[in-house]
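For reference, the structure is listed below as structure tokens.
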Amino acid sequence: SACSDLLEHLGIKVNYPLQPADLYVMSGYSGVGKGTIAEILKARQIDGKPVALIQSYTNRAPRSENDPYTFVTREEFTAMAKAHKFLEFNDAYAKNGYGTPVAAVREAIERDHAVLLEIDRVGLLHLMTDGKVNPNLIHSAFIVADAVAVETRLRLRGTEPMEKIRSRLETAKEESYHLDLYDAVIENLVVEDAVSDVIAAFEGNPPANNFDPVKFRADMDQILTTY
């Protein structure tokens, strides 16, 4: 279900008065480097427009001084959802809540910027099915890496306990079943190449997809036996 989190969006179904505009959605496995790609995209253009990366709200704890989120308490996050402050949100990604502030999206559209959302699959499903935006104006890319690289990056960044890392690895395995939801699947081997591929995908020229999700799941199962 697209709205299975936070008591079915707390029973809220609202059509936000957003001006019709293209939205660019980037998702990816935890630790895959999508945050780095998003930061680089802020200095580029998509379809000839400057990029506005919308900063999400979250109720999880900060990992560093440069953690690119607006941090709120669990109670504040729930209150924002009840007050219709989010264009989309997921209250259960790796047991944390993340939400896109609708006011920031509206402002970026009014400034004629390309709106870039770094959100997960549930958030994308909300955008496509909740009736708040035209799904034909949504362009999406999912960033992948092999299972060993994903686990290594999560472990080496040293910001979370083993239990949380395991949860993120299990989430990555689950996400690998839904890659066909996205317009493009892009492997992050060289960051600059991945950035170029994301822009090309958003502009309607996705690169060839050579990623093997079956192998990814088999490798991830092996890794999870060590946790």
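Which distance in Å, rounded to a whole number, links the C-alpha centroids of the stretch 129-152 and the stretch 158-176? Centre-to-centre (Cα) distance: 17 Å.
Across all Cα atoms of the stretch 176-227, the radius of gyration (one decimal) and Dmax (whole number) stand at 13.3, 41 Å.
Membrane-span-like helices of the chain, defined as complete DSSP H segments with a Cα extent of 15 Å or more along the helix axis and a mean Kyte hydropathy of at least 0.0, are identified as 191-202. From the residues F77, L124, Y57, which one has its Cα farthest along the dipole of the stretch 45-124 in the positive direction, the dipole being from +1 and -1 charges on Cβ of Lys/Arg and Asp/Glu about the Cα centre? Checking the options against the dipole of the stretch 45-124, the answer is F77. Counting lysine pairs in the chain whose alpha carbons fall under 14 angstrom apart, excluding pairs fewer than 8 residues apart on the same chain, gives 7.
Give me the accessible area per residue for the stretch 81-223, probe 1.4 Å, as a whole number in Å². Accessible area per residue: 45 Å².
Take every Cα pair under 8 Å whose residues are at least 6 apart in sequence, average their separation, divide by the length of the chain, and the relative contact order is 27 percent.
On alpha-carbon atoms, Rg over Rh for the stretch 18-116 using Kirkwood Rh?
0.96
Between the stretch 51-123 and the stretch 26-42, what is the C-alpha centre distance in whole Å? Distance between centres, Cα-based: 15 Å. Out of the total accessible area of the stretch 68-216 (probe 1.4 Å, heavy atoms of protein only), what percent is carbon and sulfur? Solvent-exposed carbon and sulfur of the stretch 68-216 make up 52 percent of the total.
The residues packed around F142, meaning those with a beta-carbon under 11 Å from its beta-carbon, carry a net charge of -3 if Lys and Arg are +1 and Asp and Glu are -1.
The values are calculated or read from the model by the stated rules, or taken from the named source; none is laboratory data. Keep in mind it's a predicted model, so treat the numbers as computed, not measured. We place every Cβ from the backbone using ideal geometry, glycine too, and count neighbours over all the protein chains shown. Side chains included, ligands, DNA and RNA excluded: accessible areas come from the protein's heavy atoms. Shrake-Rupley method; radii C 1.70, N 1.55, O 1.52, S 1.80 Å.
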